[in-house]
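J.: Quick one: the structure is below, and I'll ask about it shortly.
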């Protein structure tokens, strides 16, 4: 049986290759999303931009739960690939896909049923709240389709097919870029057109993911009913902490949106721009966590612990260099971004606060992502959950609320950066100590499939 792609060769090379392909795909999709916001802003109604900002805060929850499910599938499948048990890996991928689609169907139903309460709780009022709720009503039914596409993409990354995973998002994003101006401006559908375009994007994401993962590479197999039941439990043991970890970020964003909403629609519109700018500029950082998950998983499953440590170190180096380059680029581009989105007053102040101070916090956000990837893929996902919730709720929201009373809307950015620095540094050191002492397959790893012997069992001991 063929060996996993990450078990040989330079770990830095694997980190760069997988992160670059992931970053290109993610950045392109979020760039398209930012362009979507530009089309909406051209309609000249700040309420529309603010409505997308409020809807984004809620959508963030649902998409983040999907990311947690994808992380779990990558961790479980990559370990089986590392042990050269590909038939098991294919059945695990199939079980993960079915479970994820069912889980996200439940999430979408709840959001649709309580959409008005959610947007009001986020701070939206009047016509802005009604527009945000309408946007959610149109887009949320596509969430299960997106879950299928994300699992397929995660399985491709577990196998080491970074370019194919990139094509899934790249081609889907290209479709969205073409249809958005037609739906929003040419047909005059406005916010509804933006929502319909997002639905079409998720359909394409699912179709392409299934084509590459099943048709081209035969990475997914349908499990029998008994196999599905036996594989779902270990999958969810990994997925639930991963989902809890991912949900910390939208909860933090939701809380900060509530804080910044008190400063008016201009500040919320700038917050929406900051959200889009963040994911466009830092696609490499966001992709890094998912990219190195497969590298960790394959090498851990094969017992190559020296390569696990090497991959962790190389990911930190990559993250630092990438963030410093983006920091300089964003400071330089700030005046153009302000003009492009028509920001003024407090909105412009919020953007300047982000590009000069907030971006600096992403040095530590990146190290936190690397630590999360290590804990999620090496059998300690609960530690990632603790770190992320500490950053977003324990420190992030109180810091933002306090500094907002001192500095106004920009204080939200300052508080977010402060929490990122403190938790990111602590998480990085904690995970490095864990990786350096790692000498065993954890209980979580052993639970990642039906009991089976591992090669060279004497390797797996903890000092």
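J.: Restricting attention to the range 411-427, does a residue exist that is part of a loop (DSSP other than H, G, I, E, B), more than 19 Å from residue 250 (Cα to Cα), touching a helix residue (DSSP H, G or I) at 6+ places or on another chain (Cβ under 9 Å) and in contact (Cβ under 8 Å) with a residue 60 or more places away in the chain? Talk me through it step by step, then tell me what you get.
T.: Step one: list which residues in the range 411-427 are part of a loop (DSSP other than H, G, I, E, B), which gives none.
Within the range 411-427 (the criterion being part of a loop (DSSP other than H, G, I, E, B), more than 19 Å from residue 250 (Cα to Cα), touching a helix residue (DSSP H, G or I) at 6+ places or on another chain (Cβ under 9 Å) and in contact (Cβ under 8 Å) with a residue 60 or more places away in the chain), the answer is no, since none of the residues qualifies.
J.: Of the residues 323, 355, only one is within 23 Å of residue 24 (Cα to Cα) and within 19 Å of the chain's Cα centre (by Cα); which?
T.: On the way: 355 fails: within 19 Å of the chain's Cα centre (by Cα).
Of the residues listed, the single one that is within 23 Å of residue 24 (Cα to Cα) and within 19 Å of the chain's Cα centre (by Cα) is 323.
J.: Against the condition modelled with pLDDT under 85, surrounded by fewer than 20 Cβ atoms within 10 Å (Cβ to Cβ) and assigned to a helix (DSSP H, G or I), how does residue 382 come out, does it pass? Even if it seems obvious, please write down each step before you answer.
T.: Numbers: modelled with pLDDT under 85: yes; surrounded by fewer than 20 Cβ atoms within 10 Å (Cβ to Cβ): yes; assigned to a helix (DSSP H, G or I): yes.
When the stated conditions are applied, residue 382 passes them.
J.: Now for a different question. Given the condition surrounded by fewer than 19 Cβ atoms within 10 Å (Cβ to Cβ), without any contact (Cβ under 8 Å) to a residue 12 or more places away in the chain and at positive phi, answer yes or no: does some residue in the range 190-211 qualify?
T.: No, the range 190-211 has no match at all.
J.: Being within 20 Å of residue 419 (Cβ to Cβ) and modelled with pLDDT under 85 narrows it down to one residue among 282, 300, 341; which is it?
T.: On the way: 300 fails: within 20 Å of residue 419 (Cβ to Cβ); 341 fails: within 20 Å of residue 419 (Cβ to Cβ).
Of the residues listed, the single one that is within 20 Å of residue 419 (Cβ to Cβ) and modelled with pLDDT under 85 is 282.
J.: Same structure, new question: Does residue 108 meet the test of being in contact (Cβ under 8 Å) with a residue 24 or more places away in the chain, under 21 Å from the mean Cα position of the chain (by Cα), in a helix (DSSP H, G or I) and surrounded by fewer than 22 Cβ atoms within 10 Å (Cβ to Cβ)?
T.: Working: in contact (Cβ under 8 Å) with a residue 24 or more places away in the chain: yes; under 21 Å from the mean Cα position of the chain (by Cα): yes; in a helix (DSSP H, G or I): yes; surrounded by fewer than 22 Cβ atoms within 10 Å (Cβ to Cβ): yes.
Yes; evaluated as a whole, the condition is true for this residue.
J.: Residues that are on the phi < 0 side of the Ramachandran plot, surrounded by fewer than 22 Cβ atoms within 10 Å (Cβ to Cβ) and part of a helix (DSSP H, G or I): does the range 149-156 have at least one? Let's see the steps before the verdict.
T.: Within the range 149-156, the first condition is being on the phi < 0 side of the Ramachandran plot, and the residues that meet it are 149-156.
Still in the running and surrounded by fewer than 22 Cβ atoms within 10 Å (Cβ to Cβ): none.
Within the range 149-156 (the criterion being on the phi < 0 side of the Ramachandran plot, surrounded by fewer than 22 Cβ atoms within 10 Å (Cβ to Cβ) and part of a helix (DSSP H, G or I)), the answer is no, since none of the residues qualifies.
J.: Let me ask something else about it. Name the single residue that is surrounded by the fewest Cβ atoms within 10 Å (Cβ to Cβ) among those in the range 111-140 being without any contact (Cβ under 8 Å) to a residue 24 or more places away in the chain and not in a helix (DSSP H, G or I).
T.: 125
The values are calculated or read from the model by the stated rules, or taken from the named source; none is laboratory data. This one's a predicted model, so the numbers in the text were calculated from it and none came from an experiment. So basically every Cβ, Gly included, is an ideal-geometry build from the backbone, and we count neighbours across all protein chains shown.
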